[in-house]
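To start, the structure itself, in structure tokens.
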């Protein structure tokens, strides 16, 4: 174990996040900013300059927070948007200069395995096996196991990717929702062909912004409360109700749902499409929502290094 706190930064498709922790809760610093680094990447294959600058500005703020805590180690990772971008160096090089750490672009499998480690770190292996689902902006990771991840893969479906590709109206048309659900199902068909064990008995654990947001909406949280969201049991019926509500509201009305961050309101419907499709596909009655995720898995690896 290290002798002091560690810092990890996750540059995701939709959000840029920071965790500084000594491995004990509560975390010294846990921050998340919606920077939409992956805006337009699915269509253009490149990171948008304004999205890059927006995210770099966030990293400058995070650098100040990191400096104030003097961590023993700093790890920076990037995921789906940067994986897919031909011009990724235009983000990675200045990000390295700002944070004084070389960003690592995780593969989809590495992202899934790390999210699994964080999600199950506070769970009893005897209650597994667990299927950990991480719905991001550009991709969705599935990972399976008990104490350790035994199978994992990444699907090219996410809240930002599906929104940009299929949702053109406000509120979405039924055929647009149907397209998102169908595409998600096709990807799940591929997943089960690749990992047949996904179709076996397991407990669903959901991490990342789409799923924690659905939990917050179900709880009616006017002010986000991480402790109430963490390990909340989200029923399939509740997820379906929230899906119907959010999908039939115009954006101007949707933003007023307690628990829904305004910066996530334009992509949440596509994200919930993925969640409900997964719960329907595998016939899950509930999802255990976890605030411990990819960031926590990264921090654990540093603390044990």
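Taking residue 192, is it assigned by TED's automatic domain parsing to the domain that holds residue 285 and over 26 Å from residue 16 (Cα atoms)?
Details: assigned by TED's automatic domain parsing to the domain that holds residue 285: yes; over 26 Å from residue 16 (Cα atoms): yes.
In short, yes.
A count restricted to segment 95-133 and to residues that are assigned to a helix (DSSP H, G or I) and within 17 Å of the chain's Cα centre (by Cα) stands at 13.
Annotation note: of 93, 100, the sole residue that is without any contact (Cβ under 8 Å) to a residue 24 or more places away in the chain and either buried (at least 24 other Cβ atoms within 10 Å of the Cβ) or outside the structural domain of residue 206 (by TED's automatic domain parsing) (or both) is 93.
Residue 142: more than 15 Å from the chain's Cα centre (by Cα) and within 30 Å of residue 47 (Cβ to Cβ), yes or no? So that I can check it myself, show each step before the final result.
On the way: more than 15 Å from the chain's Cα centre (by Cα): no; within 30 Å of residue 47 (Cβ to Cβ): yes.
Considered against the rule, which asks whether it is more than 15 Å from the chain's Cα centre (by Cα) and within 30 Å of residue 47 (Cβ to Cβ), residue 142 comes out as no.
The condition (being without any contact (Cβ under 8 Å) to a residue 40 or more places away in the chain and part of a strand (DSSP E or B)) is satisfied by just one residue among 31, 63, 54, 17: 31.
The lone criterion from (1) under 20 Å from the mean Cα position of the chain (by Cα); (2) free of Cβ contacts under 8 Å to residues at least 40 places away in the same chain; (3) part of a loop (DSSP other than H, G, I, E, B) left unmet by residue 260 is number (2). Among the residues of segment 209-219, none qualifies, meaning not one is outside any helix (DSSP H, G or I), surrounded by fewer than 22 Cβ atoms within 10 Å (Cβ to Cβ), at pLDDT 95 or above and in contact with a helix residue (DSSP H, G or I) (Cβ under 7 Å, 6 or more places away or on another chain). With respect to (1) in contact (Cβ under 8 Å) with a residue 60 or more places away in the chain; (2) closer than 22 Å to residue 232 by Cα; (3) buried (at least 22 other Cβ atoms within 10 Å of the Cβ), the lone exception for residue 160 is condition (2).
The values are calculated or read from the model by the stated rules, or taken from the named source; none is laboratory data. These numbers come from a predicted model, not from an experiment. Cβ: placed from backbone, ideal geometry, glycine included. Neighbour counts: every protein chain shown.
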